[in-house]
1. Counting only residues that are in a strand (DSSP E or B) and either under 19 Å from residue 56 (Cβ atoms) or without any contact (Cβ under 8 Å) to a residue 24 or more places away in the chain (or both), how many does region 2-20 have?
2. Could you list, in sequence order, the residues of region 21-54 that are surrounded by 11 or more Cβ atoms within 10 Å (Cβ to Cβ) and either part of a loop (DSSP other than H, G, I, E, B) or among the basic types (Lys, Arg) (or both)?
3. Quick one: would you say residue 10 is surrounded by 13 or more Cβ atoms within 10 Å (Cβ to Cβ) and more than 12 Å from the chain's Cα centre (by Cα)?
Amino acid sequence: MRTAVYAGSFDPPTNGHLWMIEQGLALFDRLIVAIGTNPSKSYTFSVAERLDLLRASTPP
């Protein structure tokens, strides 16, 4: 099984992020999308909100 990890802040998820996720799903058997947090940055959405946005925007 080929697995890839796609990490980003996803604040908010953009069409570019969703395109990368689609490409990753086509290339790999499993894609792990990781939401990163940088203490030096100020975010618009909380991690929980970003996770909800990603889940609503991507296939199960």
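1. Final tally of qualifying residues: 2.
2. Matches in region 21-54: 28, 30, 36, 37, 43, 45, 46, 50.
3. In short, no.
FYI, it's all coordinate maths here, none of it is from the lab. This is a predicted model, so every value here is computed, not measured. As a convention, Cβ positions derive from the backbone with ideal geometry for all residues, glycine included, and neighbour counts pool all protein chains shown.
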